[in-house]
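**Q** I have a structure I would like to understand better, so I am pasting it below and will then ask my questions one at a time.
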Amino acid sequence: MPSLIIANWKQYIRTEKEIETFFNELHPVDTSHLVVCPPYTHMDVVAMYKKKHSNIFLGAQDVSDYIQGAHTGSVSIESIKDREAEYVIIGHSETRDLGVTEEQMALRIQLVLQEGLIPIVCVEGEGDEYSLIGIQRQIQLLLKNIREKELKKIIIAYEPKGRIGSNDALDTHSICRVALLIKDTVRAMSETKTFTKIPVLYGGAVDEHNVGHLFSETGVEGFLIGRASASGSRMNAILSSVS
């Protein structure tokens, strides 16, 4: 399975000129899938660039709980799908800080699956014994209404909140322990009790300098990357390190 890199641009890339610069610098590799998640206003621009590369995909940074209606500032799953997106980030720590609840996240997961897109479900926790219980509880709540055939379409991204935006990634032992917990929890929730193929990503202070070590030592299938993903040249180094 190719490694999976989610480039969450947040608001680091803001103009079409910056997007052009990014893709002019970028040199994708065949052994990694790159999902670019721009601001909503530039999804159509990224959609044009991704058509030139078979291993670049389009994602959204979030999605509304609602299909339609009087919800100023929200973006529906149908609008995201209309922009040719394949992936949607759900419950990033920065959206949780704005008040998004786990109940809302669970609803968004179902909306994304119903439209045939792939949810990237974020879970929080620092990796200590206390946090492990909380991480397991998050997964159980978020995925409790998901059948096994739908579980196969979900990606889980583990992001210790204290590491996001910092220069200090979590230690590899803790990342590995959380990744195994996530897979064990999902397997226990599956109907056959044998499902183990859910991809787990790590996010939090990942860059071109540490990504190779994190990839080789933790067993995760890829990474959710913020600030470092906004540079095409830095992304080249990241993709080379996980190929």
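The values are calculated or read from the model by the stated rules, or taken from the named source; none is laboratory data. As the structure is a prediction and not an experimental result, all values here were calculated from the model. Note that each Cβ is placed from the backbone with ideal geometry, even for glycine, and that neighbours are counted across all protein chains shown.
**Q** So which residues in the stretch 184-202 are in contact with a helix residue (DSSP H, G or I) (Cβ under 8 Å, 6 or more places away or on another chain) and not charged (D, E, K, R), if there are any at all? Steps first, answer last, please.
**A** Quick first cut of the stretch 184-202, residues in contact with a helix residue (DSSP H, G or I) (Cβ under 8 Å, 6 or more places away or on another chain) only: 185-186, 189-196, 198, 200, 202.
Of everything in the stretch 184-202, those that are in contact with a helix residue (DSSP H, G or I) (Cβ under 8 Å, 6 or more places away or on another chain) and not charged (D, E, K, R) turn out to be 185, 186, 189, 190, 192, 194, 195, 196, 198, 200, 202.
**Q** I've got another one for you. Looking at 149, 153, 193, which one is among the basic types (Lys, Arg), in a loop (DSSP other than H, G, I, E, B) and surrounded by fewer than 13 Cβ atoms within 10 Å (Cβ to Cβ)? I'd like the intermediate steps shown before the answer.
**A** Values: 149 fails: in a loop (DSSP other than H, G, I, E, B); 153 fails: surrounded by fewer than 13 Cβ atoms within 10 Å (Cβ to Cβ).
After ruling out the rest, the residue left standing is 193.
**Q** Any chance the stretch 158-170 includes a residue that's in a helix (DSSP H, G or I) and more than 16 Å from the chain's Cα centre (by Cα)?
**A** Going residue by residue through the stretch 158-170, those that are in a helix (DSSP H, G or I) are 161-163.
With more than 16 Å from the chain's Cα centre (by Cα) added as a condition, the list becomes 162.
Within the stretch 158-170 (the criterion being in a helix (DSSP H, G or I) and more than 16 Å from the chain's Cα centre (by Cα)), the answer is yes, since at least one residue qualifies.
**Q** Out of the residues in the stretch 66-81 meeting the condition of being assigned to a loop (DSSP other than H, G, I, E, B) and not polar (S, T, N, Q), tell me which one is surrounded by the most Cβ atoms within 10 Å (Cβ to Cβ). Even if it seems obvious, please write down each step before you answer.
**A** First, pick out the residues of the stretch 66-81 that are assigned to a loop (DSSP other than H, G, I, E, B): 66-76.
Then drop every residue that is not not polar (S, T, N, Q), which leaves 66-67, 69-71, 73, 75.
Values: 66: 14, 67: 12, 69: 8, 70: 6, 71: 12, 73: 6, 75: 19.
Here the answer is 75.
**Q** Moving on to the next point. Looking at (1) crowded, with 20+ Cβ neighbours inside 10 Å; (2) assigned to a loop (DSSP other than H, G, I, E, B), can you tell me which one residue 11 breaks?
**A** For residue 11, the failing item is (1).
**Q** Kindly evaluate residue 180 against the criterion of being assigned to a helix (DSSP H, G or I), aliphatic (A, V, I, L, M), in contact (Cβ under 8 Å) with a residue 24 or more places away in the chain and surrounded by fewer than 18 Cβ atoms within 10 Å (Cβ to Cβ).
**A** Details: assigned to a helix (DSSP H, G or I): yes; aliphatic (A, V, I, L, M): yes; in contact (Cβ under 8 Å) with a residue 24 or more places away in the chain: yes; surrounded by fewer than 18 Cβ atoms within 10 Å (Cβ to Cβ): yes.
In short, yes.
**Q** If I filter the stretch 35-72 down to residues being of a type in the set (D, E, K, R) and more than 19 Å from the chain's Cα centre (by Cα), which single residue comes out as modelled with the highest pLDDT? Write out each step before concluding.
**A** Initially, the stretch 35-72 is screened for residues of a type in the set (D, E, K, R), giving 44, 50-52, 62, 65.
Going one step further and asking which of them are more than 19 Å from the chain's Cα centre (by Cα), we end up with 44, 51-52.
On the way: 44: 97, 51: 93, 52: 91.
Taking the candidates together, the pick is 44.
**Q** Let me ask something else about it. Which residue, of 106, 85, 60, is in contact (Cβ under 8 Å) with a residue 40 or more places away in the chain, of a type in the set (A, V, I, L, M) and crowded, with 17+ Cβ neighbours inside 10 Å?
**A** Details: 106 fails: in contact (Cβ under 8 Å) with a residue 40 or more places away in the chain; 60 fails: in contact (Cβ under 8 Å) with a residue 40 or more places away in the chain.
One residue alone meets the criteria, 85.
**Q** Now, a different point. On the given criteria, is residue 101 β-branched (Val, Ile, Thr), within 18 Å of residue 122 (Cβ to Cβ) and surrounded by fewer than 18 Cβ atoms within 10 Å (Cβ to Cβ)? Quick ask: steps written out before the conclusion?
**A** Numbers: β-branched (Val, Ile, Thr): yes; within 18 Å of residue 122 (Cβ to Cβ): yes; surrounded by fewer than 18 Cβ atoms within 10 Å (Cβ to Cβ): yes.
For residue 101, the condition - β-branched (Val, Ile, Thr), within 18 Å of residue 122 (Cβ to Cβ) and surrounded by fewer than 18 Cβ atoms within 10 Å (Cβ to Cβ) - is met.
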